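Asks: Got a structure here, written out as structure tokens. Questions coming.
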């Protein structure tokens with residue numbers, strides 16, 4: 001009988017923490033989670049000036065955070081200037097194999113996806129181009145119907161290849177939201193609310209479904225419940241639900257529902273100041 005092969009030690013992760021991956025990366029991550037974008041700019045500037053970034057990937061990680069933050073703060077010209085400092089994303093200077101002593105058995109680009117994505121978006125941002133909106137309701141209905149049918153067929157067949165980056169819950173909510181869009185275009189708001197409620201029951205953090213459910217209730221002249229839907233979302237999960245579009249909609253509902261809407265919106269605006277990330281546009285309350 002053959003003897004079993006000798007046991008081998010399992011490979012260990014050389015990065016025990018985020019700080020092992022890059023200089024003070026855990027601190028950057030924490031600031032990003034809290035939306036403290038201006039603090040990240042200060043931190044990047046300080047660490048660069050003190051020459052605390054040693055390895056090539058340290059510089060690229062801090063570069064990526066800086067580009068992301070400048071975009072978040074709508075400082076697109078500054079983000080573009082930051083990207084220009086790299087000159088060429090495909091340069092050998094940004095490849096692992098250029099530094100074999102530092103990155104053994106690694107190859108390919110060290111530049112993360114996020115600055116590449118932002119780089120692709122910047123021309124539109126700098127030109128203040130807006131995505132076109134279809135005004136033809138019938139055309140919008142047909143597009144929504146085709147989109148919904150395609151996703152529903154894939155779901156019924158158990159296929160999620162095209163949307164493999166989505167979880168099952170996200171995929172099912174995508175189906176319901178597409179179905180709700182069909183009802184919305186057809187002005188069947190009651191059916192649309194039902195679809196959005198399924199989404200929310202499946203995932204209570206689905207802000208798109210929460211916002212759209214409230215809009216449907218408003219169209220049904222149920223302002224009281226539509227306001228409650230958005231207020232409860234902000235109260236329950238402020239860091240997730242605090243979105244300019246949602247706040248604009250809530251303020252519009254206040255204006256329709258209350259004579260003293262200015263005072264109510266001012267109270268909301270004061271609350272937002274304490275919980276909003278740095279990139280939140282507080283002018284959306286129209287106070």
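Asks: In the range 222-231, is there at least one residue being touching a residue at least 12 places away in the same chain (Cβ under 8 Å) and not in a helix (DSSP H, G or I)?
Replies: Going through the range 222-231, the residues touching a residue at least 12 places away in the same chain (Cβ under 8 Å) turn out to be 223-224, 226-227, 229-231.
Cutting the leftovers down to not in a helix (DSSP H, G or I) gives us none.
There is no residue in the range 222-231 that is touching a residue at least 12 places away in the same chain (Cβ under 8 Å) and not in a helix (DSSP H, G or I).
Asks: Out of curiosity, is residue 114 surrounded by 12 or more Cβ atoms within 10 Å (Cβ to Cβ), at pLDDT 90 or above, under 30 Å from residue 89 (Cβ atoms) and touching a helix residue (DSSP H, G or I) at 6+ places or on another chain (Cβ under 9 Å)? Give the steps one after another, and end with the answer.
Replies: Values: surrounded by 12 or more Cβ atoms within 10 Å (Cβ to Cβ): yes; at pLDDT 90 or above: yes; under 30 Å from residue 89 (Cβ atoms): yes; touching a helix residue (DSSP H, G or I) at 6+ places or on another chain (Cβ under 9 Å): yes.
Criteria met by residue 114.
Asks: Restricting to the range 70-102, give me the number of residues that are crowded, with 17+ Cβ neighbours inside 10 Å and in contact with a strand residue (DSSP E or B) (Cβ under 9 Å, 6 or more places away or on another chain).
Replies: Result for the range 70-102: 3.
Asks: Let me ask something else. Looking at 217, 181, which one is closer than 24 Å to residue 244 by Cβ, over 22 Å from the mean Cα position of the chain (by Cα) and in contact (Cβ under 8 Å) with a residue 12 or more places away in the chain? Let's see the steps before the verdict.
Replies: Values: 181 fails: over 22 Å from the mean Cα position of the chain (by Cα).
Selected residue: 217, the only one of 217, 181 that is closer than 24 Å to residue 244 by Cβ, over 22 Å from the mean Cα position of the chain (by Cα) and in contact (Cβ under 8 Å) with a residue 12 or more places away in the chain.
Asks: Another one. Across the range 184-214, what is the number of residues that are assigned to a helix (DSSP H, G or I) and closer than 18 Å to residue 245 by Cβ? Don't jump to the end; show me each part of the working.
Replies: Of all residues in the range 184-214, those assigned to a helix (DSSP H, G or I) come to 184-185, 189-202, 207-214.
Restricting the remaining residues to those that are closer than 18 Å to residue 245 by Cβ gives 184, 192, 196, 199-200, 207-214.
Residues that pass the stated criteria total 13.
Asks: If you go through the range 249-287 one residue at a time, how many are in a helix (DSSP H, G or I) and within 30 Å of residue 42 (Cβ to Cβ)? Steps first, answer last, please.
Replies: First, pick out the residues of the range 249-287 that are in a helix (DSSP H, G or I): 249-257, 261-275, 282-285.
So of that shortlist, the ones also within 30 Å of residue 42 (Cβ to Cβ) come out as 268-275, 282-285.
Total satisfying the criteria: 12.
Asks: Please specify each residue of the range 219-243 satisfying the condition of being at pLDDT below 95, touching a helix residue (DSSP H, G or I) at 6+ places or on another chain (Cβ under 6 Å) and buried (at least 19 other Cβ atoms within 10 Å of the Cβ).
Replies: 241
Asks: Which of the numbered conditions does residue 102 fail, given that it passes all the others? Conditions: (1) more than 30 Å from residue 35 (Cβ to Cβ); (2) assigned to a helix (DSSP H, G or I).
Replies: If we test residue 102 against (1) more than 30 Å from residue 35 (Cβ to Cβ); (2) assigned to a helix (DSSP H, G or I), just (2) comes out false.
The values are calculated or read from the model by the stated rules, or taken from the named source; none is laboratory data. Please read all numbers here as calculations on a predicted model, not as lab measurements. Every residue, glycine as well, gets a Cβ built from its backbone with ideal geometry; the counts of neighbours run over all protein chains shown.
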